[in-house]
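Read the figures in this text as sums done on the coordinates, not as results from a lab. Treat the numbers as computed from the prediction; the structure is a model and nothing was measured. All Cβ positions, even for glycine, are placed from backbone atoms using ideal geometry, and neighbour counts span all protein chains on display.
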Ligand code: FES
Ligand code: FE
């Protein structure tokens, strides 16, 4: 389970997409079901009933806030414990042996997050300031890409592509400079959360800052406050499907509609430019050892080293 994305915190879906019905979704190739109990706490279970393997997402949440399988009515709480088997008289000891894998969840920065391991004791996620605060005070925007998440992630920590791929948009200011033979210096330093990058062009000593938070968050610094940062997630859905989600922190709910219009206009155009190219790449970032790298690829090479080590921990 989660061989290519083990023991990671990741958002799954925006909070605005969750309804009171059980919701089937997929994370890193695993089918999971999301549901809210009577306390409105969200839970994530593997979407396979341990009885005969039916999708639990086809079931209903009962009045006790438990998820009831639609096939034979077995019931499960948010921790994946079986709480009842209809037409059978099971004692507590027998019931306690029946479990569905439950993934830890959190509501963070406008989205429901899961931890990709069945455990009761996950580490807490390391978060930037730009995702702190009331989880409903965020605006999200998303696209579905037919690409491996690692290819998408590299795109967002790559300073050398905007002058060309985004020549008509955010990279316009750098295009002529690059064509005239100008160079860039990309610094990347490992941090507790992942890495911090500073990219400089020409003789300027103010660099563009971008932080990468393991495993799949890029934080672009467009200003000095948490409200001027663009958070971009590359969420692994399956081997060749990534949900790219942008998240902006807002000061109050009434700011939401304006930010949403802005996000769906600018993000859509720029992400479309990225999407077409990233979808033309194949496999994950480790699938072709012959790829050639240069100095401006330092951050992507650091990401690749981390990803290689992550996969190795899953094999051990
Ligand atoms: Fe779920 Fe039988 S398959 S209760
Ligand atoms: Fe881009």
query: What percent does the relative contact order of the chain come to when contacts are Cα pairs within less than 8 Å and at least six residues apart?
result: 19 percent
- prompt: By the gyration tensor of its Cα atoms, with a ≥ b ≥ c the square roots of the eigenvalues, what is the shape of the range 138-315: rounded for a/c under 1.5, prolate for a/b over b/c, or oblate?
  reply: rounded
- line: Kirkwood calc, the range 71-195, C-alpha pairs only, radius in angstrom 19.9 Å
Least to most buried among 60, 97 (fewest other Cβ within 10 Å first): 97, 60
field: Radius, Kirkwood style, for the range 138-186 when every pair of distinct Cα atoms is counted (Å)
entry: 12.6 Å
- request: Give the calculated FRET efficiency between residue 190 and residue 282 to the nearest 0.05, with a Förster radius of 25 Å applied to their Cβ-Cβ distance.
  value: 0.30
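Over all directions, what mean area does the Cα convex hull of the range 9-125 project, stated in square nanometres?
Details: hull surface 29.0 nm².
Its average projected convex-hull area is 7.3 nm².
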field: Between helix 298-315 and the chain: long-axis angle, C-alpha atoms, 0 to 90°, nearest 10
entry: 20 degrees
statement: Dimensionless Rg/Rh of the range 70-136, both radii on Cα and Rh by Kirkwood, sits at 1.15
field: Using alpha-carbon coordinates, inclination of helix 268-280 to the longest axis of the chain, degrees
entry: 80 degrees
message: Could you list 96, 203 so that the one with the fewest beta carbons within 10 Å of its beta carbon is first and the one with the most is last?
response: 203, 96
statement: Going fewest to most other Cβ atoms within 10 Å around each Cβ, 121, 242, 266, 105 line up as 121, 266, 105, 242
- prompt: With labels modelled as points extended 7 Å from the Cα through the Cβ direction, what inter-label distance (nm, one decimal) is found for residue 289 paired with residue 225?
  reply: 5.1 nm
task: Sticking with the crude label model, points 7 Å out along Cα→Cβ, report the distance from residue 177 to residue 203 in nm, one decimal please.
output: 1.4 nm
task: Mind grabbing the base-10 log of I(q)/I(0) for the chain at q = 0.12, 0.16 Å⁻¹? Debye formula, identical points on the C-alpha positions, no solvent, two decimal places.
output: -0.85, -1.36
field: Simple spin-label estimate for residue 81 and residue 19 in nanometres, 7 Å along Cα-Cβ
entry: 3.1 nm
